[in-house]
Amino acid sequence: MRAVVDTGVFVGALIRPRGTTGAVLFALRRGDFTVIYSTDILVEIVDVLGRDKFRLKYHVLPDDINALVQLIRLRGELVIPKESISACRDPKDDKFLEAAKAAQADCIVSGDFDLLDMGSFEGIPILKPAEFLARL
């Protein structure tokens with residue numbers, strides 16, 4: 001399965017590794033699916049996890065961020081979206097739709113209601129982490 005995973009899922013996985021988002025990250029480590037990503041997605045992951053809030057409150061270290069980026073590169077497929085999309089009510093989430101469309105992904109995995117409320121995008125289902133895990 002080829003899935004776009006939004007930043008919030010990766011953040012959740014690092015701060016709550018025993019939760020559902022942690023299980024998504026564990027499935028990626030096992031190679032159960034291929035994560036689709038773009039440069040914009042990777043930049044956002046590094047930016048969000050590098051914030052003081054995550055470093056101080058959740059003890060997310062630069063090595064943790066580096067390990068996640070390396071895992072995404074190892075188990076992932078980089079896409080370069082050729083089309084700019086403005087479909088999500090939160091424009092910052094359009095990058096996930098762009099990557100999914102460019103790769104013809106099987107799904108988008110998110111806990112973000114701006115994406116989840118869409119249900120799907122051009123035939124690509126948008127799933128909660130638990131729904132995604134059930135389909136794996």
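Taking the stretch 107-120 as the range and being touching a Lys or Arg at 6+ places or on another chain (Cβ under 7 Å) and either under 14 Å from residue 19 (Cα atoms) or assigned to a strand (DSSP E or B) (or both) as the test, only 111 passes. Yes or no: the stretch 31-38 includes at least one residue that is modelled with pLDDT of 95 or more, more than 22 Å from residue 134 (Cα to Cα) and surrounded by 15 or more Cβ atoms within 10 Å (Cβ to Cβ). Yes, because at least one residue in the stretch 31-38 is modelled with pLDDT of 95 or more, more than 22 Å from residue 134 (Cα to Cα) and surrounded by 15 or more Cβ atoms within 10 Å (Cβ to Cβ).
Of all the numbered requirements in (1) at pLDDT 95 or above; (2) open to solvent by 30 Å² or more (accessible area, probe 1.4 Å); (3) assigned to a helix (DSSP H, G or I); (4) under 23 Å from residue 116 (Cβ atoms), residue 66 misses one, and that requirement is (4).
When residue 18 is tested against (1) without any contact (Cβ under 8 Å) to a residue 24 or more places away in the chain; (2) farther than 18 Å from residue 102 by Cβ; (3) open to solvent by 70 Å² or more (accessible area, probe 1.4 Å); (4) part of a helix (DSSP H, G or I), only condition (4) is not met.
I'd like to verify a number: residues in the stretch 113-124 that are buried (at least 18 other Cβ atoms within 10 Å of the Cβ) and either under 14 Å from the mean Cα position of the chain (by Cα) or β-branched (Val, Ile, Thr) (or both), how many?
Residues meeting the conditions: 2.
With the condition kept exactly as written, say whether any residue in the stretch 69-83 is acidic (Asp, Glu) and either at pLDDT below 95 or touching an Asp or Glu at 6+ places or on another chain (Cβ under 9 Å) (or both). Yes.
The values are calculated or read from the model by the stated rules, or taken from the named source; none is laboratory data. This is a predicted model, so every value here is computed, not measured. Note: ideal-geometry Cβ built from the backbone for every residue, glycine included; neighbour counts use all protein chains shown. For the accessible areas, the whole protein counts, side chains as well, though only heavy atoms, and no ligand, DNA or RNA atoms are used. Shrake-Rupley method; radii C 1.70, N 1.55, O 1.52, S 1.80 Å.
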